[in-house]
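Asks: First the structure, which I've put down as structure tokens, then a few questions once you've had a look.
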Amino acid sequence: MQTEVRPNNKEYSKDGLLQEPKFVIAIGSSAGGLQALTSFLSVEPSTENAYVFIQHMSPDFETMLPDILKSTCNVDLELAKDGDLLRAGGMYL
């Protein structure tokens, strides 16, 4: 299936739907996992997979991790919400 890249850098199929990931890569860490995540994200990830980073934290804690990783690793990391669809090349916390 051919895709096109739109201005928001998300890949869409010709029918306008988000591309489904080939694989979903899930990585879990605890509160001290920032260095490990930074190391992992320093390598150019595959754009055909979706990446889900799971971090142990209090449910009422507002994390700054997406902003920290965006600035140090140059990645577009999104906070996942219930019901979100994973897309190829997407990175979620």
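The values are calculated or read from the model by the stated rules, or taken from the named source; none is laboratory data. This structure is a prediction, so every number in the text was calculated from the model and none was measured. Positions of Cβ are generated from backbone atoms using ideal geometry, with glycine treated the same way; all protein chains shown enter the neighbour counts. Side chains included, ligands, DNA and RNA excluded: accessible areas come from the protein's heavy atoms. Shrake-Rupley method; radii C 1.70, N 1.55, O 1.52, S 1.80 Å.
Asks: Of the listed peptides 82-88, 54-60, what is their order by residue-averaged count of other C-beta atoms within 10 Å, with the highest listed first?
Replies: The peptides rank, most packed first, as 82-88, 54-60.
Asks: Can I ask one more? Expressed as a whole percentage, what fraction of the accessible surface of region 37-93 belongs to carbon and sulfur atoms when a 1.4 Å probe is rolled over the protein heavy atoms?
Replies: 56 percent
Asks: List the GluC sites (Glu not before Pro) within region 30-93 that DSSP assigns to loop and that have no more than 10 neighbouring Cβ atoms inside 10 Å.
Replies: GLU62
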